[in-house]
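This structure is in structure tokens; I'll ask about it shortly.
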Amino acid sequence: MSLLSSPLSRGMLACATTLAMAQTTWADNSPSKTDIEALFQQDRAACMDSASMHERSSCLREAGAVRAEALKGMRPAAPDPDQLQANAVQRCQRLPDEDKALCERRIQGEGNIKGSVEAGGLLRELVIELPARPKPNDPA
């Protein structure tokens, strides 16, 4: 089964394509209310194509949030790379103390990165060697 054969995949691809085109169009000038409504209707139609009710409701909620932001004029044309980096490091702060430093090293690019945003996400892997723990003495 092809990735694009499922209704959800086609709907999400249509939504992502529409958003990408809208960002390019909106980078130079603010969109009109008519443009925002047209984009919302396209996104909504893509969401309704989903066979899963849970995925459909999530998709519709996201489409509505994008519409609301656009109507408020809050939708940025492109994310700031420095802000994205700061957000990634901030997410590491929520981890237990022993994991924070390793998280920050992965975010800085150390280790291996697999996957893509288009495929659903990036997997950052950092392999480290830890000294073996001494075994407790077994009474014989």
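What is the spin-label model distance, in nm, from ARG94 to ASP35 if the labels are put 7 Å beyond Cα along the C-beta direction?
A separation of 3.4 nm, rounded to one decimal place.
Mind giving me the FRET efficiency for GLN108 and LEU60? R0 is 35 Å, r the Cβ-Cβ distance, nearest 0.05 is fine.
In this case the efficiency is close to 0.40.
Now, a different point. Within 10 Å of each candidate Cβ there may be at most 10 other Cβ atoms; applying that plus a DSSP loop requirement, which trypsin sites (Lys or Arg not before Pro) in the range 67-131 survive?
Those satisfying the criteria are ARG94.
Can you give me the solvent accessible area of MET53 with a 1.4 Å probe, rounded to the nearest 10 Å²?
130 Å²
At 1.4 Å probe size, what's the solvent-accessible area of ASP43? Round to the nearest 10 Å².
Solvent-accessible area, nearest 10 Å²: 0 Å².
Further question on the same structure: For GLU37, what accessible surface area do you get with a 1.4 Å probe? Give it in Å², rounded to 10.
Accessible area, nearest 10 Å²: 50 Å².
Here is a follow-up. Enumerate the calculated ³J(HN,Hα) couplings along the range 107-114 in order (Karplus 6.51 cos²θ - 1.76 cosθ + 1.60, θ = phi - 60°), each rounded to whole Hz, writing x wherever the residue is Gly or Pro.
Ordered by residue, 3J(HN,Hα) equals 5, 6, x, 6, x, 9, 10, 10 Hz.
The values are calculated or read from the model by the stated rules, or taken from the named source; none is laboratory data. Just so you know, these numbers come straight off a predicted model, no measurement behind them. Neighbour counts run over all protein chains shown; Cβ positions are idealised from the backbone, glycine included. For the accessible areas, the whole protein counts, side chains as well, though only heavy atoms, and no ligand, DNA or RNA atoms are used. Shrake-Rupley method; radii C 1.70, N 1.55, O 1.52, S 1.80 Å.
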